[in-house]
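What follows is a single structure, written as C-alpha cells, with notes after it.
Nothing in this text is a laboratory measurement; each read-out follows from the coordinates by a stated rule. All values reported here derive from a predicted model rather than from experimental measurement. Note that each Cβ is placed from the backbone with ideal geometry, even for glycine, and that neighbours are counted across all protein chains shown.
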Amino acid sequence: MVATEPQAEKKERWTFSWKHLYDEVVTTGLCTGCAGCVVVCPHDVLSYDDQNGVYKPWQNEAEYGGPADCSHGDKACTTCTRACPRFRTWETEIDNFMFGREREADEHSGIYKDVLLARAADPELHENGQDGGLVSAILVYALEHDMIDAALVSYLEGDGSTWKAIPGIARTREEVIASAGSRYTYSANTMAYMDLDKEEQRIALVGMSCQSSSPPAMKARKAGKAARRISLNIGLLCSKTFDDAIFEELFEAKYGLKKSEMRKMNIKGVFQIWMKNGDYHEVPLKECHAWTREGCKMCPDFAAEHADISTGGIGAFNDWTLTVVRTDTGRELMQRMIDDGWIETRPGDDDPGAIALMHKLAAKSRKRWPEFAVDAPRRLTKD
C-alpha cells in the first residue's frame, strides 16, 4: 500500500459582493467610513458621502435596483468586500497575513515588535508636528530617501478656518508640514488615492486605526492594484473622532470658542484648544461624547493594530510620540532614521503609564465590538 500525502484543505471561494457589504457592514453600524471599498472599486460605481457627518460609501447606479444592489456584484464582482476591514473575519485574516498568527486574548493592543518613545530631531518638523513630529519626520525621510513617491494624509479645508479635515496628497517636505497636526474630526485619507499620478507607485498611508487595517485587508484578500501600491502604513492611535458639528454646537455655543479663531487642538485627558490670540482652553471629554461620530461607536481598534508603525500622543511627555513598531518594514525604517540622526528615541519603559494607558484604551475599545459580529475582535483576557 502506497502512502499518500494529505491534501491541503481547499480554500472557500470568495463570493461576497456589495449586497453583503451593504447588509452586514454599511447599514449595521460596523462601517467606519474608511473608504477602502470606494478606492478599490474597479467599476467606479461606489461613491463616498462625507457631508453632514455621514462618512459612508454608497452605490451610485441610480437606475439599477436599490441601495443594496450592484450590477457588477450581481455578475460576481467581489472587490469591495475584499477591501473592507470590518467584513466577516477581517481581524484574524489580517493577523495571519501580516504576522503568521492570530492575536492572543491578552494582546489587547495587537501584535507588535517594539514599543518606544520617539520624536523628530529636525527642529522645524518637531515644532510643526504633533507630539514631537515623528510622523512628519517619517514621511519627509521616506520621500527624500526615495522610499515612497507620495503620502495619503489629511489637510484642513481652504485657509483652515473651518477646521474641516479633508484627504490630500503630500509629495514634498512643505506639503508634509502643511498636513501636520491633529484634527479629531474625520477624514478618509484613503480617498486621496484617487488623485495619485499614474507613476506614483510607492505610497504611504497615514490614517486612523480603521483606515490602517484597509491596506492589509486588500493585500490578504487580493483586492487589486491599490493593495500593491501602498507600501508604508502609519496608523494613528484613536479611540474616536467627533462630528464636525461639535465646533458650533459645543465649543462655540457653550464656551464662545469660534473655530475660525482656533490655532491648535489636542486631547490629553481633556480636549485642549489653543486660540490664535494666545488663549488656552480645556473642555471636559465627557461633554464631547454626544458628538462621537457614528462610525466610531463600534470600532474595536484603538491601537491601529495592522499598521507598520502605530503612533499616538499619550503619556507623560508632551513632545514625544508613543511608537508601536509592528512589522519588519516599520522596524527597518525606524532603525535607518535612528542611524541617520533623523529621530531621537527613548525606551517605551521610560513612560510605563503610556503603555498601560494604551492597553487600557485598547481593551475598552474592543468591548464596543457588537455581539452580532464575529467574536475575535472582542476577545480579551478576563479582568
Exercise for the section: Report the full-extension gain for the segment residue 146 to residue 27: residue separation times 0.36 nm, less the Cα-Cα distance, to one decimal in nm. Expected result: 38.7 nm
Practice task
Kindly put 71, 179 in sequence by how many other C-beta atoms sit within 10 Å of each C-beta, fewest to most.
Solution key: 71, 179
Problem - In sequence order, calculated HN-Hα J values of the stretch 211-223 (Karplus, 6.51, -1.76, 1.60; Hz; x Gly/Pro) - result: 5, 6, 8, 6, x, x, 4, 4, 5, 5, 9, 6, 9
Practice task
Would you mind ranking 146, 69 so that the residue whose beta carbon has the fewest other beta carbons within 10 Å leads the list?
Solution key: 146, 69
Practice task
May I ask you to sort 289, 43 by Cβ crowding, counting other Cβ atoms within 10 Å and putting the fewest first?
Solution key: 289, 43
Handout entry: Point-to-point label distance, residue 270-residue 171, nm (Cα→Cβ direction, 7 Å offset)
Key = 4.4 nm
Exercise for the section: Give, as a single signed number, the net charge of other residues whose beta carbon lies under 10 Å from the beta carbon of residue 68, with Lys and Arg counted +1 and Asp and Glu -1. Expected result: -1
Problem - Estimated vicinal HN-Hα couplings, Hz - the stretch 130-139 in sequence order (Karplus 6.51, -1.76, 1.60; Gly, Pro = x) - result: 8, 6, x, x, 4, 4, 4, 5, 4, 5
Problem - Difference of contour (0.36 nm per residue) and Cα-Cα distance, residue 289 to residue 374 - result: 28.0 nm
Handout entry: Sum of side-chain charges, residue 133 neighbourhood, beta-carbon under 10 Å (Lys, Arg +1; Asp, Glu -1)
Key = -4
Exercise for the section: Quote to one decimal, in nm, the extra length available between residue 281 and residue 15 on full extension: 0.36 nm per residue of separation minus the C-alpha distance between them. Expected result: 90.6 nm
Practice task
Sort out for me the Cα centre separation of the stretch 50-70 from the stretch 367-383, rounded to whole Å.
Solution key: 29 Å
Exercise for the section: Report the convex hull volume per residue for the chain, counting only C-alpha atoms, in Å³. Expected result: 179 Å³
Completion exercise
Within the stretch 153-202, DSSP-loop GluC sites (Glu not before Pro) with at most 11 other C-beta atoms within 10 Å are 199
Exercise for the section: Mind listing the long-range amide H neighbours of residue 264? Cut-off is under 5 Å, sequence gap 5 or more, other chains count too, H placed in the peptide plane at 1.01 Å from N. Expected result: 274
Exercise for the section: Between beta-carbons, use under 12 Å as the cut-off and find the net charge around residue 143, counting Lys and Arg +1, Asp and Glu -1. Expected result: -3
Handout entry: Span from the the stretch 161-194 Cα centroid across to the the stretch 261-292 one, whole angstrom
Key = 20 Å
Problem - Pairwise label distance in nanometres, residue 96 with residue 199, each label 7 Å out on the Cα-Cβ vector - result: 4.1 nm
Fill in the blank from the handout: Rounded to the nearest Å, the spacing of the alpha-carbon centers of the stretch 132-159 and the stretch 315-335 is 16 Å
Handout entry: Neighbour count of at most 15 Cβ within 10 Å plus DSSP loop: longest chymotrypsin sites (Phe, Trp or Tyr not before Pro)-free window in the chain
Key = 65-371
Exercise for the section: Give the percent of DSSP beta bridges with both residues in the chain that are antiparallel, rounded to the nearest 5. Expected result: 75 percent
Exercise for the section: Just the number, please: percent antiparallel of the DSSP beta bridges in the stretch 220-324, rounded to the nearest 5. Expected result: 80 percent
Exercise for the section: Step through the residues of the stretch 277-283 one at a time and calculate ³J(HN,Hα) from phi using the Karplus curve (6.51 cos²θ - 1.76 cosθ + 1.60, θ = phi - 60°), rounding each to whole Hz and writing x for Gly and Pro. Expected result: 7, x, 5, 10, 9, 10, 10
Problem - Charge dipole (the stretch 18-93, unit charges on Cβ, about Cα centre) - positive-most of 52, 27, 62 - result: 27
Handout entry: Check: the stretch 186-260 dipole with +1 on Lys, Arg Cβ and -1 on Asp, Glu Cβ, in debye
Key = 560 debye
Exercise for the section: With r as the distance between the Cβ atoms of residue 248 and residue 68 and R0 = 25 Å, compute the FRET efficiency 1/(1 + (r/R0)^6) and round to 0.05. Expected result: 0.15
